[in-house]
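Here is the structure we will look at.
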Amino acid sequence: MGFVTLVIVLLLLACALFVLPALGYGVKPAAMSRDQLNTRFYQRRLDELAHDEREGVVSERAQHIEDLQRALLAPGVVVLLVVALGLYALTGGAGQVVRWRQTVDAFASLRARVMDIMHGQPLSAEELSRFAVGLRAELHHDPQNLQNWLILGRLGVVLNNAELATQALAKARQLALENDTIALDYASVLTRYADPGDNGAGNRLLQAILAKRPHDLQALDLLALNEYQQNNDARAVALCREVLARLPAADARAAAIRQHIAQAKAQGGLDQATLNVVVTLSPAAAAGLPPQGTLFISVSDGQSPIPVAVKPFPLSRFPLSLSLDDSNAMIPERLLSAQRQVKVRVRVARDVTAQLQRGDWFGESSTQPFGGNGRVAVEINQQLP
């Protein structure tokens, strides 16, 4: 309401600046007309008034002149108002103000749905964004509300908004400096986003938490990730191994931590895992191979049919010896060095594509243990039906 009042006052001031000079407050009437036609019309009416006054047809000539000025200025005022309101509609953000007001009004219902996790309908990404706007409006009026800052920070993580998450959790941290759970949330955000300054601050915070709580596995795991983010690969590997040693037997997190160890070792060139493969041919395969083709060597974990690593090689003489490592990984999240067992399959393709074709010769090994280095022998002795 105050904003609307301000707009009306400003429009009235603009109209006053437009009208008052023409009414004789410091400027001559003729100075107000910029259009040649209006000037001529105005002068002609003045001459007619003068003539009528001499003839005795009219009296109070000054009053008639003032009426004439007002009649000429009225369209100008209308134009001024139309232009001003039109410019505001285009550039003043009236639509955004309306949408913001609607978002704030709907905040209570959105919050109720967020809090009713078990029974409420999940919010869409758009609704989460609107909820964040309403939450910020509420925090503007109540900046000491710790719970709202925490919700806003975690909402920033869900929306992948690094700035929102970092700023909100920093505020929550300021309001509860002794709360280690909030400190961990804040350190997690500082670690997971790519800003080097944030990574450094997260590292210092995690070390402070571990100084108080040396057995906190979550803090230790986050510190390992933080060191990896800063390319301190040897330190990351050591911390991951420490986490792995503290986990209970058969813990579901162990596989992911081994994967992190493999990634850090690959990134830092530490103890590169290598699998040596020796390929031979059966007599039937030697007689039936195409004169040209491509040898595809694929390594799996023996359980999933999806390869961990693949290496193509031009068809040449046999026996053939070659090696695979993490550079041959299909995806960075599944490295050869992270595998505890391997199975090797070798296939001869008639061209450079990996497309299976009837009659292709192939061979495969049994599933064998793998500790980072190993040797597997494969004989090509079968044909695809």
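The values are calculated or read from the model by the stated rules, or taken from the named source; none is laboratory data. The shown structure was predicted, so the numbers you read here are calculated from the model rather than taken from an experiment. Don't worry about glycine lacking a Cβ; one is built from the backbone with ideal geometry, like all the others, and counts go over all protein chains shown. With ligands, DNA and RNA removed, areas are computed over all heavy atoms of the protein, side chains included. Shrake-Rupley method; radii C 1.70, N 1.55, O 1.52, S 1.80 Å.
Go from 0 up to the bin containing the longest alpha carbon distance in the range 116-271, width 5 Å each, and give me the % of pairs per bin. For the range 116-271, the pair-distance distribution reads 2, 9, 16, 16, 17, 15, 11, 8, 4, 1, 0, 0.
For the range 290-340 and the range 151-177, what is the separation of their C-alpha centers, rounded to whole Å? Between the Cα centres of the range 290-340 and the range 151-177 lies a distance of 44 Å. Other residues with beta-carbon under 14 Å from the beta-carbon of Gln368 carry, at +1 per Lys or Arg and -1 per Asp or Glu, a net charge of +2.
Taking only protein heavy atoms and a 1.4 Å probe, the accessible area of the range 282-385 is 53% carbon and sulfur. Taking every protein chain into account, the 1.4 Å probe leaves Ser188 with about 20 Å² of accessible area, to the nearest ten. Under 5 Å from the amide H of Gln341 lie the amide H atoms of Phe370, each residue being 5 or more positions distant or on a separate chain, with H modelled from the backbone and absent for Pro and chain starts. Solvent exposure of the range 210-354 amounts to 51 Å² per residue of accessible area, where only protein heavy atoms count and the probe is 1.4 Å.
Placing a label point 7 Å from the Cα of Thr274 along the Cα-to-Cβ direction, the residues of the range 331-350 with a backbone N closer than 15 Å are 337. When peptides 342-348, 279-285, 313-319 are sorted by average Cβ neighbour count within 10 Å, with the highest value leading, the order is 342-348, 279-285, 313-319.
Charged side chains reduced to their Cβ positions (Lys and Arg at +1, Asp and Glu at -1) give the range 194-255 a dipole of some 240 debye around its Cα centre.
Taking amide H positions as modeled 1.01 Å from N, with prolines and chain starts lacking one, the residues under 5 Å from Val376 and 5 or more places away or on another chain are Asn276, Val277, Val278.
Would you tally the net charge around Val157, using a Cβ to Cβ cut-off of less than 10 Å, leaving Val157 out, and scoring K and R as +1, D and E as -1? That sum, taken over residues with Cβ under 10 Å, equals +1.
Approximating the spin labels as points 7 Å out from Cα along Cα→Cβ, the Gln167-to-Phe318 distance works out to 6.6 nm. Judged by the mean number of other Cβ atoms found within 10 Å, the most tightly packed of the peptides 376-383, 133-140 leads the ranking 376-383, 133-140.
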